[in-house]
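Participant: Right, I'll just put the structure down here and ask away after.
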Amino acid sequence: QKPYPVIVRAVLEDRSSTNEGSPLTSSIMTAILGDAVDDVEEGEMSFPDYRDPDGKEIEAGGAFGMAGHIASSWAIAFNMASSALWHCASKRPSHPHPKAKRRMYNRAHCDNGIDSPCMFSFLAGSKGTTARPSAIASTLLPFIVENTGWQPGTDMDAGFARKGGLIGTGTGATLTLLFRNVTRPVRRFDVVSLRSTSHVWNEGAAKFVLVTGGDFSHGKEAAEASSKNAREVSFEISAELNAEVSNGEDQHVSYHFGLDLDYAETNESVGKDLLLRITLTKGSKFKILGLMLCE
């Protein structure tokens with residue numbers, strides 16, 4: 001039996017901001033999250049009830065877990081973006097300049113809905129692309145050129161934190177991934193990480209350094225020569241969650257950080273190398289739940 005459809009309905013209370021004369025705008029948005037979310041929910045509902053080792057407490061199976069929440073949030077975000085685009089379309093002149101129209105089409109035409117727009121990606125979890133730590137390891141292994149302190153793993157005693165992920169242990173732990181001779185431009189870099197109130201995680205922070213347009217495959221001299229044209233971006237993500245502890249239980253959430261890269265520079269990086277270095281800069285542990293390098 002399929003689960004009931006998930007429907008989200010948003011109502012804009014201030015109707016004065018809508019254009020009543022346009023069929024493209026409305027004060028009400030209704031989003032049916034569709035098969036993508038239904039399939040995830042159906043899979044999670046099939047999980048059996050869980051009884052703790054002492055046999056005293058039973059946790060009902062079929063919880064709408066991490067995978068369902070991520071699928072729902074992305075579907076809602078898509079609907080919000082679609083509504084914004086329709087609103088902009090209603091405000092645009094009926095006969096835009098042909099060059100402007102062509103530029104918009106070229107920038108948007110990057111995903112046919114069949115081929116993945118990502119050069120590299122993993123999302124940990126039972127309904128992600130890497131359900132087990134071994135799957136994370138096999139995904140990363142072809143690209144690792146340095147690893148001191150990062151290992152795939154799970155923590156079955158820490159609630160949400162038990163989700164599989166890539167865990168860095170010890171300040172200074174460094175993981176370097178090298179993607180040689182990339183064939184597609186990378187215009188978007190996304191990181192999903194764990195944030196927690198637990199003392200095990202909340203003091204952690206990791207620095208991400210992404211270098212595009214370099215030559216790291218042909219020795220030190222080639223790398224130094226290409227450094228003039230290579231582009232580097234970096235940022236740091238903290239694992240600290242500023243939230244109250246409820247009933248003595250720590251809170252754990254997933255945190256999503258996305259970075260748009262320069263459009264022109266990413267085109268120039270095709271045929272060259274891309275390097276991603278991740279370093280644990282603070283605390284004793286940091287968990288990455290997902291990485292995506294996409295067009």
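Participant: So which of Leu259, Leu241, Leu289, Leu293 is surrounded by fewer than 15 Cβ atoms within 10 Å (Cβ to Cβ), among the aliphatic types (A, V, I, L, M) and touching a Lys or Arg at 6+ places or on another chain (Cβ under 8 Å)?
Facilitator: Sole residue among the options that is surrounded by fewer than 15 Cβ atoms within 10 Å (Cβ to Cβ), among the aliphatic types (A, V, I, L, M) and touching a Lys or Arg at 6+ places or on another chain (Cβ under 8 Å): Leu259.
Participant: Now for a separate question. Only residues that are open to solvent by 70 Å² or more (accessible area, probe 1.4 Å) and modelled with pLDDT of 85 or more: list them for the range 262-284, please.
Facilitator: Within the range 262-284, Lys272, Arg277, Lys282 qualify.
Participant: Applying the selection to the range 196-221, what residues are under 30 Å from Ser246 (Cα atoms) and open to solvent by less than 60 Å² (accessible area, probe 1.4 Å)?
Facilitator: Ser196, Thr197, Ser198, Val200, Trp201, Asn202, Gly204, Ala205, Ala206
Participant: Could you please find all residues in the range 158-171 being open to solvent by 40 Å² or more (accessible area, probe 1.4 Å) and either modelled with pLDDT of 95 or more or more than 12 Å from His252 (Cβ to Cβ) (or both)?
Facilitator: Thr169, Thr171
Participant: OK, next. For Ser116, all conditions in the list (1) modelled with pLDDT under 70; (2) within 23 Å of Phe257 (Cα to Cα); (3) not hydrophobic (A, V, I, L, M, F, W, C) hold save one; what is the number of the exception?
Facilitator: Status for Ser116: all satisfied but (1).
The values are calculated or read from the model by the stated rules, or taken from the named source; none is laboratory data. Quick caveat: nothing in here was measured; it's all calculated off a predicted structure. Note: ideal-geometry Cβ built from the backbone for every residue, glycine included; neighbour counts use all protein chains shown. Side chains included, ligands, DNA and RNA excluded: accessible areas come from the protein's heavy atoms. Shrake-Rupley method; radii C 1.70, N 1.55, O 1.52, S 1.80 Å.
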